[in-house]
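Each remark here refers to the structure printed beneath this line.
The values are calculated or read from the model by the stated rules, or taken from the named source; none is laboratory data. Treat the numbers as computed from the prediction; the structure is a model and nothing was measured. Cβ placement follows ideal geometry from the backbone for every residue including glycine, while neighbour counts extend to all protein chains displayed. Protein only, heavy atoms only, side chains kept; ligands, DNA and RNA dropped before computing areas. Shrake-Rupley method; radii C 1.70, N 1.55, O 1.52, S 1.80 Å.
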Amino acid sequence: MTLHPQAGEPADPSTLIDVDKLVAAYHDEAPDPGDSAQRVAFGTAGHRGSSDQRSFNDAHVAAMAAAVARYRHRQGVDGPLFLGRDTHALSGPAERTAREVLSAAGVEVVVDSQDRPVPTPAVSHAILSHNRGNDNGRADGVVLTPSHNPPGDGGFKYNPPHGGPADVEATGWIESEANGLLGEADRLPREPIDGARAGRYDFVAAYVNALPQVIDVDAIRASGLRLGVDPLGGATLDVWRAVGERLGVAVELVNERVDPAFAFMRRDHDGALRMDCSSPFAMAGVVAAAGHYDLGFGNDPDGDRHGIVAGGNLMRPNDYLAVAIAELFGGLRRWRPHVAVGKTVVSSSMIDAVAADLGRRLVEVPVGFKWFVEGLSDGTHGFAGEESAGASLLRRDGSPWTTDKDGVVLCLLAAEIAARSGRDPAAAYTGLTAAFGTPVSARVDVAASREQRRALKELSADAVTAGELAGEPITTVLSRAPGNGEPIGGLKVVVEGGWFAARPSGTEDVYKLYAESWRGHDHLQRLVDEASEVVTAALAQAGA
């Protein structure tokens with residue numbers, strides 16, 4: 001990875017977004033439905049774009065809201081729709097558009113009782129809480145967020161009644177319907193907010209009051225651990241305040257600023273402002289303050305990701321996931337023997353080693369948290385996590401908590417681990433490496449044409465003809481995830497000492513190459529170098 005010379009440094013004021021101009025473009029600019037770059041496109045976490053690029057404007061949100069209203073009617077979803085948003089500049093205007101269109105379509109929209117930003121896990125929790133034994137119709141939700149994306153972006157994601165990210169069938173239908181409405185979005189019926197009736201719900205109180213059901217808050221409180229938290233200007237700010245005030249946990253907010261330009265952020269690896277709590281560059285401010293706290297935490301703007309600062313450094317997401325699994329299944333919880341561990345195909349194989357040592361079934365799925373929804377819903381996945389710092393877990397009694405990623409709970413779990421074991425998660429990971437070894441990993445972008453990206457997404461395992469990788473025989477080639485048989489949208493190739501996976505980018509002319517080695521950095525470099533050769537040969541075999 002090539003680092004920007006100012007990575008980790010405070011933002012340059014001259015590079016900040018012009019919030020007023022961005023919001024004006026949201027209202028004034030209209031997309032061209034004939035331009036693929038300006039149409040609605042649901043990725044793994046909804047539609048994202050920017051108003052100045054005509055990819056996230058009033059027309060997009062109106063069309064998506066109308067499509068959601070039609071979709072829920074088709075599915076017989078007749079309860080309230082919980083509406084949340086983060087602190088990006090475009091999320092507020094998008095909330096207004098969505099409320100107007102949804103209300104006009106007869107949807108009972110429920111918003112925060114104090115008009116605060118609402119994080120993704122609080123929306124998922126609200127949906128599940130409503131639908132648990134409630135006869136007053138099934139609820140679903142929408143969160144207006146582009147997650148950790150730069151300040152100029154906006155986003156829209158839909159959570160069906162199961163509370164988690166919508167599956168491909170749902171997002172495909174909504175995307176198609178929204179694009180059919182995009183050119184006539186200005187004619188869609190709207191009910192002005194001033195006259196629209198919206199239900200009110202205290203998302204923060206409902207979520208925070210229930211946290212002891214999933215985390216041993218008593219142990220954290222009794223430990224006296226000092227927790228430093230930076231919400232990175234996002235929707236978890238009021239949640240963390242309430243954790244301190246309502247639950248009596250020693251939380252100190254490292255940063256309480258909320259600014260749609262995110263002027264307080266540190267530059268990410270490429271110099272951009274990106275509220276990525278798994279990036280040591282974006283989290284440089286929290287790391288710098290690590291000496292003042294026993295543990296430091298960060299969340300992205302919609303609160304579905306976690307950043308854990310322990311031992312003076314930001315933990316790699318894969319390392320913390322392995323620790324969380326080892327501690328939860330190793331004694332913190334008494335879940336039933338059949339309860340499994342969920343991971344994605346590009347997550348660390350340290351998780352495989354931990355699960356095998358614990359005698360727990362491992363369910364390996366494609367990238368995307370939607371693949372964990374069923375297991376978290378029926379209680380067969382005790383923990384489910386992905387390499388990009390997103391995870392959730394069951395309540396302490398083994399029942400569902402959230403079916404979407406929950407950054408707050410994963411941070412509090414780190415505090416519970418430290419409180420109950422007497423060592424922080426970084427020290428716990430050192431214990432894992434002493435037992436199993438130390439994997440090293442890399443992720444790089446490799447140039448690929450649109451045709452090659454399309455071919456890579458459709459490749460079968462048979463396209464790999466190589467028998468050896470980095471000096472070892474290839475033991476497994478996957479184009480479908482072993483946990484559920486679904487396509488991984490690329491390839492994963494495994495040898496005894498490591499693996500690589502290749503997945504095409506959905507927006508750039510590159511594919512993402514993930515690699516991990518148990519034999520050190522030289523072996524890792526061989527994996528990376530030879531992986532691109534294997535992929536090139538497989539694409540040629542497929543005629544791309």
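For the reader, a short list of remarks on this structure follows.
- Of residues in segment 30-48 being under 27 Å from Thr120 (Cβ atoms) and either assigned to a strand (DSSP E or B) or without any contact (Cβ under 8 Å) to a residue 60 or more places away in the chain (or both), the one nearest to the chain's Cα centre (by Cα): Thr44
- Just one residue in the set Ala242, Ala282, Ala261 is part of a loop (DSSP other than H, G, I, E, B), out of contact with any Gly (no Cβ under 9 Å at 6 or more places or on another chain), in contact (Cβ under 8 Å) with a residue 24 or more places away in the chain and open to solvent by less than 40 Å² (accessible area, probe 1.4 Å); that residue is Ala261.
- Per-region count, segment 504-539, residues closer than 11 Å to Ala448 by Cα, touching a strand residue (DSSP E or B) at 6+ places or on another chain (Cβ under 8 Å) and outside any loop (DSSP other than H, G, I, E, B): 6
- Segment 465-497: number of residues that are open to solvent by 20 Å² or more (accessible area, probe 1.4 Å) and either closer than 19 Å to Ser347 by Cα or β-branched (Val, Ile, Thr) (or both): 16
- Single unsatisfied condition, Tyr293 versus (1) open to solvent by 20 Å² or more (accessible area, probe 1.4 Å); (2) touching a residue at least 24 places away in the same chain (Cβ under 8 Å); (3) within 25 Å of Pro121 (Cα to Cα): (3)
- Scanning segment 459-480 for residues that are hydroxyl-bearing (Ser, Thr, Tyr), closer than 24 Å to Arg361 by Cα and not in a strand (DSSP E or B) turns up nothing.
- Beta carbons closer than 9 Å, at least 6 apart along the sequence or on distinct chains, pair a first residue in segment 530-542 that is more than 15 Å from Arg503 (Cβ to Cβ) with a second that is assigned to a helix (DSSP H, G or I) and of a type outside the set (Asp, Glu) for Thr536/Gln452; Ala537/Ala463; Gln541/Ala463; Ala542/Ala455; Ala542/Leu456; Ala542/Ala463.
- When residues in segment 191-239 are screened for being in a loop (DSSP other than H, G, I, E, B) and either touching a residue at least 60 places away in the same chain (Cβ under 8 Å) or touching a helix residue (DSSP H, G or I) at 6+ places or on another chain (Cβ under 7 Å) (or both), 18 of them pass.
- Asp276 of a type in the set (Asp, Glu), at pLDDT below 95 and not in a helix (DSSP H, G or I): no
- Condition broken by Gly76, with the remaining ones in (1) at pLDDT 95 or above; (2) on the phi < 0 side of the Ramachandran plot; (3) more than 22 Å from the chain's Cα centre (by Cα) satisfied: (2)
- Qualifying residue in segment 56-64 (condition: touching a Gly at 6+ places or on another chain (Cβ under 6 Å), under 20 Å from Ala198 (Cα atoms) and open to solvent by less than 10 Å² (accessible area, probe 1.4 Å)): no
- Looking across segment 498-518, the residues that are surrounded by fewer than 20 Cβ atoms within 10 Å (Cβ to Cβ) and of a type outside the set (A, V, I, L, M, F, W, C) come down to Ser505, Gly506, Thr507, Glu508, Asp509, Lys512.
- Those residues of segment 150-190 which are in contact with a helix residue (DSSP H, G or I) (Cβ under 6 Å, 6 or more places away or on another chain), of a type in the set (D, E, K, R) and crowded, with 18+ Cβ neighbours inside 10 Å, in sequence order: Glu177, Arg190
- Any chance Glu252 is farther than 24 Å from Asp153 by Cβ, open to solvent by 20 Å² or more (accessible area, probe 1.4 Å) and not in a helix (DSSP H, G or I): yes
- Test set (1) open to solvent by 20 Å² or more (accessible area, probe 1.4 Å); (2) touching a residue at least 60 places away in the same chain (Cβ under 8 Å); (3) out of contact with any Asp or Glu (no Cβ under 7 Å at 6 or more places or on another chain); (4) not in a helix (DSSP H, G or I) - Gly84 fails condition number: (1)
- Only residues that are in a loop (DSSP other than H, G, I, E, B), modelled with pLDDT under 95 and under 26 Å from the mean Cα position of the chain (by Cα) were counted in segment 434-449, giving 1.
- Residues that are in contact with a helix residue (DSSP H, G or I) (Cβ under 8 Å, 6 or more places away or on another chain) and open to solvent by 10 Å² or more (accessible area, probe 1.4 Å) within segment 137-149 comprise just one, Arg138.
- Strands (runs of 3 or more DSSP E) wholly inside segment 329-424 that include at least 1 residues being open to solvent by 10 Å² or more (accessible area, probe 1.4 Å) and in contact (Cβ under 8 Å) with a residue 24 or more places away in the chain: 362-365, 381-386
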